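Some notes on the structure that comes next.
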Amino acid sequence: MSHTSSDHHGQRSTTPVAFIAFAWTLVGVPLAYGLYNTVKAAGALFGG
Amino acid sequence: MALPGFLQRERIVARPGFNRWLIPPAALAVHLCIGQAYATSVYKASLVTHFDTTLTAIGIIFSIAIVMLGLSAALFGTWVDKNGPRAAMFTSAVFWVTGFLVGGLGIETRQLWLVYLGYGVIGGIGLGIGYISPVSTLIKWFPDRPGLATGMAIMGFGGGALIAAPLSRQLMSYYDPTYVPSDSSSVPNGDAVAALFFTLAALYAVFMMFGAFIVRVPASDWRPAGFDPASVKKKALVTTENVSANNAIKTPQFWLLWTVLFCNVTAGIGILEQASPMIQDFFRTGETSTVAAATGAGFVGLLSLFNMGGRFAWSTTSDFIGRKPIYMVYLGVGIVLYVVLALFGSTATWIFVLTAAIIISFYGGGFATVPAYLRDLFGTYQVGAIHGRLLTAWAAAGVAGPLIVNGVLDTQGTPGQLVAANYRPALFIMVGLLAVGFVANLLIKPVAEKYWEPKAVTPATARADAERSSVR
């Protein structure tokens, strides 16, 4: 299992990179969906 | 009442090597869910028809929720600080989800009071606890970048509405095939809204519990690699002492910051509340406006983006230029922009859109930067509880902002016939408010020594001292 670089008193991180990536994806995907739809709606402002 | 073991703060102290970049997604998992509160307009018309009532009666649901947000954040802030983020996020999830379930039941059985109780009261408590739950934890994990950390979480609150609005439309069109989301005159039936409430309850339960179970608090001796605690001392206004929530509200600094937040939020709400009709009215000649209704909706979308982006960008910037200077920008530049909007906003669409968008980015930035400002002034000891008490300024602004704008516009004419000049009195009132906020911010000085916590008097302060020493 891969690990991230350190930040606890110089120790290597024991938190799996894959889990951090999963957590960010879980919140990032809905946010990207919301942003996409909002940008699409805002496009009407510029004649889009 | 004792908390179950898995919720207790002692159980979530991070082990050596825990990566702090897991904390922002935990915070976002909560804030992205509770941010739904700003997407209630998507089913407002449907509820008016379903309950055969007025828009005002339906609008009360949202008002109750925001008032409960302010009250619960103020009342439960100390409890949140004492019991830690997992207990707070878990409790917030239980209230927020129960609010949707009870509200959905109210819609299904056509009992409006149940919607008030469910979404308004119960859900509102979940909103308040959820809003403050990750703030002090993020500040402790990111002593080197508190503005960035709180900006990420509070950006999520803005982002929650961006997700919930299109998702709700899609789900309601699934539950009511006659509803066409792209047709502004199409309204989903009440059963579709009830089904939406139950679906959101399930989705939010999963997301918020995920956040609650991955969140951790740092060990008392933890600090980020490469972080020089001495650098904190060098910045003006940044204390290395701690002030309790009870003492904080006795300081002039708390009430000056309350005034700053109140003025900044009231001014922002003035535009947000009226965004869609406002842009049409600014470019109206006689009965017709050169700005179409669809364009007005696009303008609302653009403001949402700037509201969310401002939370992250301005709060992060405050880590570099300082909290007091960034509020001078929000309030000082805000004054100039409001004057430009009032005097020249109707001369070109781009001037109107650009000034309004920057004003709203300052509105969002004001929300996101305030926890870090509190940390600077009062330390980390009970920053969550102090933040909760400060949010009463938001509840007050939520009442004052619309009252000012609607009150002024009522004296100027009838909706649909207003023009740019009719908005000027309200906009100049906002300029005055921002000036009051600007002066209040200028008056903020470091907190007097008499309010500091004594060293290691109680186990709680001993723990706080240990935490404090790690960020010095």
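Read the figures in this text as sums done on the coordinates, not as results from a lab. Everything numeric in this text was worked out from a predicted model, so none of it was measured. Cβ placement follows ideal geometry from the backbone for every residue including glycine, while neighbour counts extend to all protein chains displayed.
A few remarks follow.
- Kirkwood Rh in Å, taken over all unlike Cα pairs in the protein assembly as shown: 23.5 Å
- Here, the range B:19-218 yields an orientationally averaged convex hull projection of 10.6 nm² when only Cα atoms define the hull.
- Taking packing as the residue-averaged number of other Cβ atoms within 10 angstrom, the listed peptides B:430-436, B:53-59, B:374-380 run from highest to lowest as B:374-380, B:430-436, B:53-59.
- A straight line joining the Cα centroids of the range B:285-311 and the range B:1-80 runs 27 Å.
- For the range B:346-353, Karplus couplings with θ = phi - 60° (6.51, -1.76, 1.60), whole Hz, Gly/Pro x: 8, 7, 7, 4, 5, 5, 4, 5
- Note: relative contact order over chain B, using C-alpha pairs below 8 Å and six or more positions apart, is 23 percent.
- Length-normalised contact order for the range B:19-218 - Cα pairs under 8 Å, 6+ apart - percent: 37 percent
- Cα pair distances of the range B:224-472 binned at 10 Å [whole percent]: 7, 29, 29, 18, 10, 5, 1, 0
- Rg and Dmax, both from the Cα atoms of the range B:93-180 and both in Å, are 16.8, 53.
- Net charge dipole size for the protein assembly as shown [Lys, Arg +1 and Asp, Glu -1 on Cβ; Debye, nearest 20]: 1500 debye
- Most positive-pole-ward Cα, B:S72, B:V291, B:P229, against dipole of the protein assembly as shown from beta carbon charges: B:P229
- Per residue of A:19-26, other chain Cβ atoms within 10 Å of the residue Cβ number 5 on average.
- Within the range B:19-218: Cβ-based charge dipole about Cα centre, in debye rounded to nearest 20 (Lys, Arg +1; Asp, Glu -1): 660 debye
- Shape class for the range B:1-112: prolate, because the ratio a/c of the largest to smallest gyration tensor axis (alpha-carbon atoms, square roots of eigenvalues) is 1.5 or more and a/b beats b/c.
- Placing unit charges on the Cβ atoms of the charged side chains and taking the dipole of the protein assembly as shown about its Cα centre, the candidate lying farthest along the positive direction among B:H387, B:Y204, B:I12 is B:I12.
- Pairwise label distance in nanometres, A:V39 with B:M328, each label 7 Å out on the Cα-Cβ vector: 3.6 nm
- Pairs from the list B:K250/B:K450; B:K82/B:K445; B:K82/B:K235 with a Cα-Cα gap above 21 Å: B:K82/B:K445; B:K82/B:K235.
- Computed over the Cα atoms of the range B:271-345, pair by distinct pair, the Kirkwood hydrodynamic radius stands at 14.2 angstrom.
- Dividing the mean sequence gap of close Cα pairs (under 8 Å, 6+ apart) by how many residues the range B:1-108 holds gives a relative contact order of 44 percent.
- Two-site label geometry, B:K235 and B:T285: point separation in nm, points 7 Å out along Cα→Cβ: 5.1 nm
- Three-way shape call for chain B based on the alpha-carbon gyration tensor, with the a/c threshold at 1.5: oblate
- For the segment B:293-302, counting C-beta atoms of other chains within 10 Å of every residue's C-beta and taking the mean gives 5.
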